[in-house]
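Engineer: Structure below; questions to follow.
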Amino acid sequence: MTLITALAFFLLPLLSGALVHVLKPEARWLRLLLSLSGAFLLGIVFLHMLPELYAEEGMRIGYWVLGGFLLQVVLEFFSHGIEHGHVHATPGKAMPLVTLFSLCLHSYAEGIPFADPDVAGDVPFLAGVLLHKMPMAIALATVLLRSGTGKLASWVMLATFAVAAPLGIGTGMLVGQELGHAFLHDMLGLAIGMLLHISTTIIFESAPDHRIHIERFLAVLLGAAMAMATMH
């Protein structure tokens, strides 16, 4: 299951990049997908992942969750919010490599806990993270396209981003053997903190200027309903 998970993490960003080059989806559809994925992921984290993680590890796991939240705050200074769909590109100006590094670090840290077969086999959580990966990769591919980055360079960058999570899974498998199961739980807490920051930001941005956008609101409701439907 872990190998299949790593393959899914690698292929999805590449497929999303191909989608951008072939279909060039409108920003409206990206915002709706973000709202859906953000609400679904937030629901999975609150209803399933956090309660179980606290039950197993106790209050100390809160430090890792908070650390992941704050780490994501720092990373977004360099990624400019691509994780939650911000597409800032100047035609003819290459995307800074520090932006790609920030996205890869996020993806790498997110991948580590999936070295745990229990996490890799947790279908709702895996689906939530993969669903969040898709608009993230679409936003990255869109930035590369709009900035005028060449096709070869664009695909190299997308492939670099795509391989980051599988590398995280590999690291988790190696280090987890030495440090034990608690290490993977700590990394899961870190990843959950990062995902909490991203998903809450997406929810807040679904109603900019405190105005309700009915399509995005419905997408949020659908995502939350999907999360509740996975609980058993």
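Engineer: Contact order normalised by length for the chain, with contacts defined as Cα pairs under 8 Å and 6 or more residues apart; what percent is it?
Structural biologist: Worked out over the chain, it gives 42 percent.
Engineer: Taking the alpha-carbon centroid of each part, what is the distance from the range 115-186 to the range 1-62 in angstrom?
Structural biologist: Measuring centre to centre over Cα atoms gives 10 Å.
Engineer: Using the 10 angstrom Cβ neighbour count as an exposure proxy, how do THR142, THR200 rank, fewest first?
Structural biologist: Least crowded to most crowded, the residues run THR200, THR142.
Engineer: For the chain, what does the alpha-carbon gyration tensor say about shape, rounded, prolate or oblate, given a ≥ b ≥ c as the root eigenvalues, a/c under 1.5 as rounded, and a/b over b/c as prolate?
Structural biologist: oblate
Engineer: In addition: Beyond 13 Å, what share of the Cα-Cα pairs of the range 1-69 is found? Please give it as a whole percent.
Structural biologist: I get 77 percent for the Cα pairs in the range 1-69 exceeding 13 Å.
Engineer: Let me ask you something else. Sort 6-17, 40-51 by the packing proxy (mean of other Cβ within 10 Å over each peptide's residues), most packed first.
Structural biologist: The densest-packed peptide leads the list: 40-51, 6-17.
Engineer: Using only Cα atoms and rounding to the nearest 10 degrees, what angle (0 to 90) does helix 97-111 make with the longest principal axis of the chain?
Structural biologist: Rounded to the nearest ten degrees, it is 30.
Engineer: Using the count of nearby Cβ atoms within 10 Å as a rough guide to exposure, how do MET194, MET228, MET187 rank from fewest to most?
Structural biologist: MET228, MET194, MET187
All of the numbers you see were taken from the coordinates with simple rules; none came from a lab. Being a predicted model, the structure only gives us computed values, none of them experimental. Here the Cβ is made from the backbone with ideal geometry for all residues, glycine too, and neighbour counts use every protein chain on show.
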